[in-house]
1. Percent relative contact order of the chain, based on C-alpha pairs within less than 8 angstrom and at least six residues apart?
2. Roll a 1.4 angstrom probe over the protein heavy atoms and tell me the percent of accessible area of the chain that is carbon or sulfur.
3. Enumerate the whole-percent occupancy of each 10 Å bin, from 0 to the last occupied one, for all C-alpha pair distances of the chain.
4. Sequence gap at least 6, Cα distance under 8 Å: using those rules, report the relative contact order of the stretch 17-98 to the nearest whole percent.
5. Before I look further, what does the chain give for accessible area per residue, probe 1.4 Å, in whole square angstrom?
6. Quickly estimate the mean residue ellipticity at 222 nm for the chain, helices only: each DSSP H run with n ≥ 4 gives -39500 (n - 2.57), and the total goes over all residues, rounded to 500.
7. Could you tell me whether the stretch 72-181 comes out rounded, prolate or oblate from its Cα gyration tensor? Rule is a ≥ b ≥ c as square roots of the eigenvalues, rounded for a/c under 1.5, then prolate if a/b exceeds b/c, otherwise oblate.
8. May I ask for the equivalent-ellipsoid semi-axes of the stretch 130-274, computed as the square root of five times each C-alpha gyration tensor eigenvalue and listed largest first in whole Å?
Amino acid sequence: MPDTRASTADRHRLYELAVQAPEAEIDLLDQLVTDLRGRPARRLREDFCGSAAIAAAWVRRRPDNQALGIDLDAAVLDWAHTHTLAGLTPEARARLALRQADVRHATTAPVDLVVAMNFSYWLLRSRETLGDYFGAVRRALAPDGVFLLDVYGGYDAPRVIREERRVADPEQGDFDYIWEQAHFDPISSELECHIHFAFDDGSWLERAFSYQWRLWTLPELRELLAEAGFGEISVYWQGWDAEGEPDGDFVAVERGEPDAGWIAYLGATPAPAR
């Protein structure tokens, strides 16, 4: 039988096409760091880096930028070495390092910016483990460093739901990205999610990625960051365009809107040493 799209698909490549926009994310990181510190960062640590798409975009952005990607999954780091690093010039590649480690225990030289994107830190499902991670980030930052992480919520967040979106693939043909929130436990706030990919030949890549997360709230995250030694903790909320669609602009706010689904960023800076 001939191969199907699903049987030959590269799930990490599909994920990057469907979920990530590294250059736009670097634009946003630069904006938020400049807002908090008045200047761009240079040394970035991407935690839970996966394929290290953000770290790679970071070293492409400016010739003096440096990046370190950390992930516990050896297989995805192997993919990053083979694919992500191969797409960089030798000069840029020399400024990006990848390390297999638990982000709660990794010891690194001080950095200007630590990022945890795509809600990856939700894998840490207890206050103790997430607090340990935030403390490790605090110790990894330079005194004027910044920690940026994304968060989502809204009254659709704890629902069992499936959402489908068409994704452009200029090389192998477009496909459908399906996000499934399969189960939510209101007592533990644990959330089971899956990513599926569907192709025009009728084949599926079911549960290409699966997550056992905790649905953390903004108050919980801000409290844990403060307990870990962060001082200024800002919430950046996304606005809406004239058609009621997200406009991609994030501004610091004191109060949010009770939308069905929202995405925000937290920007945290270390409290001054006592």
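1. Working: 521 pairs, mean separation 45.7, N = 274.
Relative contact order for the chain comes out at 17 percent.
2. On the way: 6850 of 13330 Å².
Whole-percent figure for carbon plus sulfur exposure: 51.
3. The percentages, shortest bin first, are 6, 27, 37, 24, 5, 1, 0.
4. Working: 106 pairs, mean separation 22.6, N = 82.
Rounded, it is 28 percent for the stretch 17-98.
5. On a per-residue basis, the chain sits at 49 Å².
6. -7500 deg cm²/dmol
7. Oblate, because a/c is 1.5 or more while a/b does not exceed b/c.
8. 32, 19, 17
The values are calculated or read from the model by the stated rules, or taken from the named source; none is laboratory data. It should be emphasised that the depicted structure is a prediction, and the values quoted were computed from it without experimental measurement. Note that we place each Cβ from the backbone using ideal geometry, even for glycine, and neighbour counts take in every protein chain shown. Heads up: the accessible areas ignore ligands, DNA and RNA and are worked out on the full protein's heavy atoms, side chains in. Shrake-Rupley method; radii C 1.70, N 1.55, O 1.52, S 1.80 Å.
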